[in-house]
C-alpha cells in the first residue's frame, strides 16, 4: 500500500528489511519518529534500522536475488537508502515518557497546581497596594501632627507606594489621597488593615473625578459644611476645630488653581460658595480673599 504521507515510529525490533518497507510507502513525504528511551542517540537508531537479520524471505533465495539483480535492486542498496534516510532525522528527539509524572512513594499523584484566577489575583494586589499606600500617607500625617515634615525615607516610600498603586489601579493613589485629605482617619484605618471605609471613599472620589458636574456639587456641599462647622466650633470655643476646618477650606480653594475645569463649573455658583464679588482672578482666588484663607494640611510634596 502506498500513501501520500507516512509516519514511521522506529522500535528496537526493526531491521533493514522492515525499515525499507516502512520508509518507502509514501508518495509526497515521510516523517520518522523515535524516542531516546529506545535509542540513546542517532547512531544507535541507524545501526538498528540498517542491520541484516537472518529471515526467511523471498529475496534470500538465489532465483529471487537474480530477479532483483536483473532489475537493479540489491539488498545493499536498500541498506544504504535506509541509512541515508535515518541520518536525516534530527539528533534531538523526545522520549516517549518525557513529561510523564509518576506517582509518589505513597501512591498519590503529585498535587496539580491550579492557576489562580486573574481577577482574584488583581483584587488581592490592589488591596495590598492600597494598604501600603495608606501606611505611607499615615506616616506623613503623623509627622505633620507632631509639627514636623516628612523625611526623605517617608517621601521615597510614598512615591514607591503611589507607583505600585497606579500599576494595579489607575488613579488609585490620586483618588485615595483626595479621600484621606478630607478624612485623615481613613488613612489610619486602612494602614491598620481595615480598608473598608477607605475603599468606599476611594470609589466615591473616582466618581467625582470622572463626573465633573458631580464633582462641582460635592465641592459646594463640602464647602458649605466646612464653613458652617468652622463658625459653630468658633462659637463653642473649639478653636483647634475652627482652625482645622478653615485649613481644609484653604486646601479646597487652592486646589482650584490646578483644576481649571472645576473652576469653570463653579463660576456660576459663587453665591452658593459665599462669594459676593468678582476679583477677576478666578473662583479659587475669590474664596481665599473672601474668607482670608491660607493653605491647610497637605502631603508636603
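The values are calculated or read from the model by the stated rules, or taken from the named source; none is laboratory data. From a predicted model like this one, the values you see are computed outputs, not experimental measurements. All Cβ positions, glycine included, derive from the backbone under ideal geometry; neighbour counts span all protein chains shown.
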Which ones in region 145-180 are modelled with pLDDT under 90 and part of a helix (DSSP H, G or I)? 145
Note on region 189-230: residues more than 28 Å from the chain's Cα centre (by Cα) and over 18 Å from residue 255 (Cα atoms) are 228, 229, 230
Residue that is surrounded by the fewest Cβ atoms within 10 Å (Cβ to Cβ) [pool: residues in region 11-29 that are touching a strand residue (DSSP E or B) at 6+ places or on another chain (Cβ under 7 Å) and free of Cβ contacts under 8 Å to residues at least 40 places away in the same chain]: 28
Restricting attention to region 88-137, and to residues there that are assigned to a loop (DSSP other than H, G, I, E, B) and surrounded by 12 or more Cβ atoms within 10 Å (Cβ to Cβ), which single residue is modelled with the highest pLDDT? 89
Quick check on my filter: what residues within region 138-183 are touching a residue at least 40 places away in the same chain (Cβ under 8 Å), buried (at least 18 other Cβ atoms within 10 Å of the Cβ), closer than 19 Å to residue 206 by Cβ and more than 21 Å from the chain's Cα centre (by Cα)? 176, 177, 180, 181
Taking into account only those residues within region 253-280 that are free of Cβ contacts under 8 Å to residues at least 12 places away in the same chain and surrounded by 12 or more Cβ atoms within 10 Å (Cβ to Cβ), which is nearest to residue 210 (Cα to Cα)? 259
Index of the failed condition, residue 233 passing every other in (1) more than 46 Å from the chain's Cα centre (by Cα); (2) under 21 Å from residue 289 (Cβ atoms): (2)
